[in-house]
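What follows is a short report on a single structure.
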Amino acid sequence: MNYTIPGPLSDHARNIMRQLGYGEQQKRSGQLSYAKRISGGDFPRYHAYVENLAEGSMQVNLHIDQKAATYEGSHAHSGEYEGPLVEQEMNRIVWFVQSLSHPQQ
């Protein structure tokens, strides 16, 4: 699920994702992503690619990794790109970012 959160943001996307409980993951290709465990184990987990856009917006590409890649050299996994859990987590991210920009008084 892709979503663009309009800016300006109150902080850098990296710091926002950390505040939301996501940890950074650096791939061999150098691409940075963020993961957050759903339960006590490594999987399933939320997995997000986040980008700061030029106009101060933040783009989030979110899905759920159900399990690790099944064989060596493979990057494929069982991923869930839409559905209630993905929508709920995306709503939480959007709400949090907006609450930082417009704190209640």
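The values are calculated or read from the model by the stated rules, or taken from the named source; none is laboratory data. Note that the structure is a prediction, hence the values are computed from the model and not measured. Note that we place each Cβ from the backbone using ideal geometry, even for glycine, and neighbour counts take in every protein chain shown. Side chains are part of the model used for accessible areas, which takes the heavy atoms of the whole protein and leaves out ligands, DNA and RNA. Shrake-Rupley method; radii C 1.70, N 1.55, O 1.52, S 1.80 Å.
Scan region 11-31 for residues that are exposed (fewer than 15 other Cβ atoms within 10 Å of the Cβ) and not basic (K, R) and jot them down. Full working, then the answer.
Here is the first cut: in region 11-31, the ones exposed (fewer than 15 other Cβ atoms within 10 Å of the Cβ) are 11-12, 14-15, 18-19, 21, 23-31.
Result: D11, H12, N15, Q19, G21, G23, E24, Q25, Q26, S29, G30, Q31.
Here are the criteria: (1) at pLDDT 90 or above; (2) under 26 Å from D11 (Cα atoms). Tell me which single one D65 does not satisfy.
Failed condition: (2).
Pull out all pairs, ordered by first then second residue, where Cβ-Cβ is under 7 Å, the residues are six or more apart or on different chains, the first lies in region 47-68 and is on the phi > 0 side of the Ramachandran plot, and the second is open to solvent by 30 Å² or more (accessible area, probe 1.4 Å).
G56/G7; G56/P8; G56/L9
Scan region 42-60 residue by residue and report those that are open to solvent by less than 40 Å² (accessible area, probe 1.4 Å) and outside any loop (DSSP other than H, G, I, E, B).
Across region 42-60, the qualifying residues are Y46, H47, A48, V50, M58, V60.
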